[in-house]
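Working notes, structure below.
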Amino acid sequence: MAVGIVATLKIQADKIEAFETDFKALMAIVAEKEPGNNYYDLHRSRDEVGSYVVMEQYVDQAALDLHGKSDEFKAKSAKLGDYLAGAPTVTILDAV
């Protein structure tokens, strides 16, 4: 069964451009290194500056468990924490 994730991120206003650039690089890493990932996409709020939603889907729980295991992913995602204006909200979903 496919597993989805929705994560809401608040980014510091002065770090938005760097965040978007680095997140796009992270998306490329996921696309290349995680064949069990169906999508890993970043969306920017039209209403709230610095508010983003990450939508992810994996073919199954095993693919989700492998998510982010590469050294490249770990290094890039650790840097993203510097851009946060607060703790992210993460919801894990099962496909119906």
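Among 93, 64, which is surrounded by 15 or more Cβ atoms within 10 Å (Cβ to Cβ) and touching a residue at least 60 places away in the same chain (Cβ under 8 Å)? Lay out the reasoning, then the answer.
Values: 93 fails: surrounded by 15 or more Cβ atoms within 10 Å (Cβ to Cβ).
Exactly one residue qualifies, and that residue is 64.
Does any residue of region 29-44 turn out to be in contact (Cβ under 8 Å) with a residue 40 or more places away in the chain and β-branched (Val, Ile, Thr)? Can you show your working first?
Going residue by residue through region 29-44, those that are in contact (Cβ under 8 Å) with a residue 40 or more places away in the chain are 29-30, 33.
Applying the additional criterion that residues be β-branched (Val, Ile, Thr) yields 29-30.
Scanning region 29-44, I find at least one residue that is in contact (Cβ under 8 Å) with a residue 40 or more places away in the chain and β-branched (Val, Ile, Thr), so the answer is yes.
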Only one of 49, 53 is under 28 Å from residue 95 (Cβ atoms) and not basic (Lys, Arg), namely 53
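Can you tell me which of 83, 52, 58 is under 23 Å from residue 33 (Cα atoms), of a type in the set (Phe, Trp, Tyr) and modelled with pLDDT of 95 or more? Talk me through it step by step, then tell me what you get.
Working: 83 fails: under 23 Å from residue 33 (Cα atoms); 52 fails: under 23 Å from residue 33 (Cα atoms).
Exactly one of 83, 52, 58 is under 23 Å from residue 33 (Cα atoms), of a type in the set (Phe, Trp, Tyr) and modelled with pLDDT of 95 or more, namely 58.
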Those residues of region 19-46 which are touching a strand residue (DSSP E or B) at 6+ places or on another chain (Cβ under 8 Å), surrounded by 12 or more Cβ atoms within 10 Å (Cβ to Cβ), assigned to a helix (DSSP H, G or I) and not aliphatic (A, V, I, L, M) amount to 19, 20, 23
Scanning region 19-45 for residues that are among the hydrophobic types (A, V, I, L, M, F, W, C), touching a helix residue (DSSP H, G or I) at 6+ places or on another chain (Cβ under 8 Å) and closer than 12 Å to residue 76 by Cβ gives 19, 23, 25, 26, 29, 30
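The values are calculated or read from the model by the stated rules, or taken from the named source; none is laboratory data. Predicted, not measured: the structure shown is a model, and the values here were computed from it. Reconstructed Cβ throughout: ideal geometry from the backbone, glycine too, with neighbour counts over all protein chains shown.
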